[in-house]
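Undergrad: Pasting a structure here, questions to come.
The values are calculated or read from the model by the stated rules, or taken from the named source; none is laboratory data. What you are looking at is a predicted structure, and each value in this text was computed from that prediction instead of being measured. Virtual Cβ from ideal backbone geometry, glycine too; neighbours counted across all protein chains shown. Ligands, DNA and RNA are excluded from the accessible area calculation, which covers all protein heavy atoms including side chains. Shrake-Rupley method; radii C 1.70, N 1.55, O 1.52, S 1.80 Å.
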Amino acid sequence: MSGALAVFDLGKTNSKLFVFSPDGTLLDERRTKPVWHDYRGKSVLDDARLFSWMNHELAEVATAHDVTRMMISAHGCAFALVRGNELLHPILDYEQEVPDTIAGAIDPILPDFSETYTPWLPLGFSIARHIYWLQVEEPEAFALTEAILCYPQYWVWRFSGRELAEWSYFGAHSQLWAPLNRDYSSLVERLGWRDRFPAIAPAGAVVGEASVTMPDGSTRAIAVHNGVHDSNAALAYYRMTGLHDFTLVSTGTWVIIINLDCPLGALDQERDMIANVTVNGEPAPSLRFMGGREYDLISENWNKPISQAAVERVMERGVFAMPSWAAGGPFPETKGNVVGGDVTGEERAAVAALYVAMMTDLSLDLIKSENLLVIDGGLAKIDLFTAMLAQLRPTQTVVRSMMSEGSATGAAALAFKALGLKPFRDETVPVSASHIPGLDAYRARWRELADGARAAARAAMPDAKEAGR
């Protein structure tokens, strides 16, 4: 391989560009925020603005670092309707619920959990619900649709013109994929969508070429690799560095926990436990909650260090943040609140850190995690969070990634793999457990309160699916 690799890591809240040399060295990074706006009563992505930023930055790094290839990692739950070179409807924001009439038609025909290993999920967390929404409310656009593209493949198409699909994204709680059959779900057949989905190509495969206009007005051909679902890219990265028998805690807006050693029979659909799909098409038992979003909401966007003394003070006062502060997760029935007293500033941030640690610890129990624990992403940078998790999990070895951008690095590793290169090595480091007095007792009380609130909510609304709404 000559030249460098550009990786676009497109998150819901932040979109980033990273440049890697062929030996895996990170050469550059650029960042922006995607813009969501209203279109005919729906929240949609300003894809033109994002595409303009991507083109501009790609040209800049191609000049600065001799970039010759590009790869894309992207958040889940988004798709595009396209025909020829035309986007027929703006890309929907997954954080909006479908109308009751749409839900009443699509929800009863969603496949059984035993087929897709995806439970009923709110909003657009299963993209099948949002695809159906557009089919009903935008029938002209849907009738013209030649291809339904998943979000990473939308950008592959934008840059290369190729219409493709990919396993890890289809298998990301979409209701479109049956992981044990390695094929589309019965819902796809029932709604006649199979012909709308293009051919599947592996994540990282070279699939086309982009023509990029350089700052001097010349054009450069950039090879395009097929994109990947972000958390599954992170999983692939750690597997490719030689780790095995581990649970991944991939953190960002979402905390996504993947344990390949968890039996599929242990997945509890009422607690947002699902089977994602690896880049190789294997079922990947997973659990997730919107931990990064919840931390920001509870802490009121605190971005400074948190001392152990602040944690000990709120624990001594019996202050708890209770689930849930965002949709999804193991407690879909309950609404988040802080109990035990009012807190502000660093103490409120300490309550938020405790909350994310409690939720992660519980999630690890639910997903039967007893193996090596790998913490990746934004929360891996918070020493207090990783240390508390190590204290709560004394029988497990806990490591954290020194490369905080696991999904982008995983996407790079997949692109390099397609070229026969393996530049990355295991760079995780051990986490030393904290020694916070009373943390186990705090956990026991937090679980007692959370379970009690969940039981009360379920008793008041016994239908689990209705409770999830």
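Undergrad: Round to a whole number: what % of the accessible area of the chain belongs to carbon and sulfur, probe 1.4 Å?
TA: Roughly 49 percent of what the probe reaches on the chain is carbon or sulfur.
Undergrad: Working out 0.36 nm times the residue gap between Leu144 and Thr25, then minus their Cα-Cα distance, what length gain in nm do you get to one decimal?
TA: 38.4 nm
Undergrad: A further question on this structure: Which residues' amide hydrogens lie under 5 Å from the amide hydrogen of Trp177, considering only partners 5 or more residues apart or on another chain, with H built in the peptide plane?
TA: Ser185
Undergrad: Let me ask you something else. Rounded to the nearest angstrom and ordered from largest down, what semi-axes does the equivalent ellipsoid of the chain get from its C-alpha gyration tensor (root of 5λ)?
TA: Square roots of five times the eigenvalues give 35, 28, 20 Å.
Undergrad: How much of the calculated P(r) for the range 212-275 lies past 18 Å, in percent of all Cα pairs?
TA: Of all Cα-Cα pairs in the range 212-275, 56 percent lie more than 18 Å apart.
Undergrad: I would also like to ask the following. Which whole number in µm²/s is D for the range 98-167 by Stokes-Einstein, with the Kirkwood Rh taken over Cα pairs at 20 °C and 1.002 mPa s?
TA: Estimated via Stokes-Einstein, D reaches 156 µm²/s.
Undergrad: Just need the relative contact order of the chain here, percent rounded to a whole number, with Cα pairs under 8 Å and 6+ apart.
TA: Computed value for the chain: 15 percent relative contact order.
Undergrad: Can you give the accessible area per residue of the chain, in Å², using a 1.4 Å probe?
TA: 37 Å²
Undergrad: What area, in nm² and to one decimal, does the C-alpha convex hull of the range 9-145 cast on average over all directions?
TA: The Cα convex hull of the range 9-145, projected and averaged over all directions, gives 10.5 nm².
Undergrad: Modelling each spin label as a point 7 Å along the Cα-to-Cβ direction, I'd like the His37/Arg447 distance in nm, to one decimal.
TA: The two pseudo-label positions are separated by 4.9 nm.
Undergrad: Same structure, new question: When the scattering of the range 414-454 is computed by the Debye formula from its Cα atoms alone, each counted once and equally, what is log10 I(q)/I(0) at q = 0.35 Å⁻¹?
TA: The computed values of log10 I(q)/I(0) come out as -1.08.
Undergrad: Can you pull out the trypsin sites (Lys or Arg not before Pro) in the range 1-57 that DSSP calls coil and that have at most 15 other Cβ atoms within 10 Å?
TA: Here the trypsin sites (Lys or Arg not before Pro) that fit, given the DSSP loop and packing criteria, are Arg40.
Undergrad: Along the Cα→Cβ direction, 7 angstrom out, place labels at Leu297 and Asp183. What is the inter-label distance in nm?
TA: It works out to 4.0 nm between the two label points.
Undergrad: Divide by every residue of the chain the summed helix terms, -39500 (n - 2.57) for each DSSP H run of at least 4, and state the resulting mean residue ellipticity at 222 nm, rounded to the nearest 500 deg cm²/dmol.
TA: Counting only the DSSP helices, I get -10500 deg cm²/dmol.
Undergrad: For helix 439-460, report the angle its Cα long axis makes with the longest principal axis of the Cα atoms of the chain; keep it between 0 and 90° and round to the nearest 10°.
TA: Value to nearest ten degrees: 70.
Undergrad: What Kirkwood radius, in Å to one decimal, follows from the Cα pairs of the range 241-307?
TA: In the range 241-307 this quantity evaluates to 13.6 Å.
Undergrad: Let me ask another. Mind checking the alpha-carbon convex hull of the range 147-296 and giving the volume per residue in Å³?
TA: Considering the Cα atoms of the range 147-296, their hull volume per residue is 150 Å³.
Undergrad: On a 0 to 90 degree scale, rounded to 10, what angle separates helix 127-137 from the longest Cα axis of the chain?
TA: Taking Cα atoms only, the helix is inclined about 60 degrees.
Undergrad: I would also like to ask the following. Multiply the residue separation of Asp66 and Ala309 by 0.36 nm, subtract the distance between their alpha-carbon atoms, and state the gained length in nm to one decimal.
TA: 82.6 nm
Undergrad: Step by step: find N for the range 350-469, compute 2.2 N^0.38 Å, then divide the Cα radius of gyration by it. What's the final number?
TA: 1.34
Undergrad: Grab the beta carbon distance between Ala455 and Ser2, set R0 = 51 Å, and tell me the FRET efficiency rounded to 0.05.
TA: 0.25
Undergrad: Let me ask something else. Compute the length gained on full extension between Glu370 and Asp342: take 0.36 nm times their separation in residues and subtract their Cα-Cα distance, giving the result in nm to one decimal.
TA: This chain segment gains 6.5 nm when fully extended.
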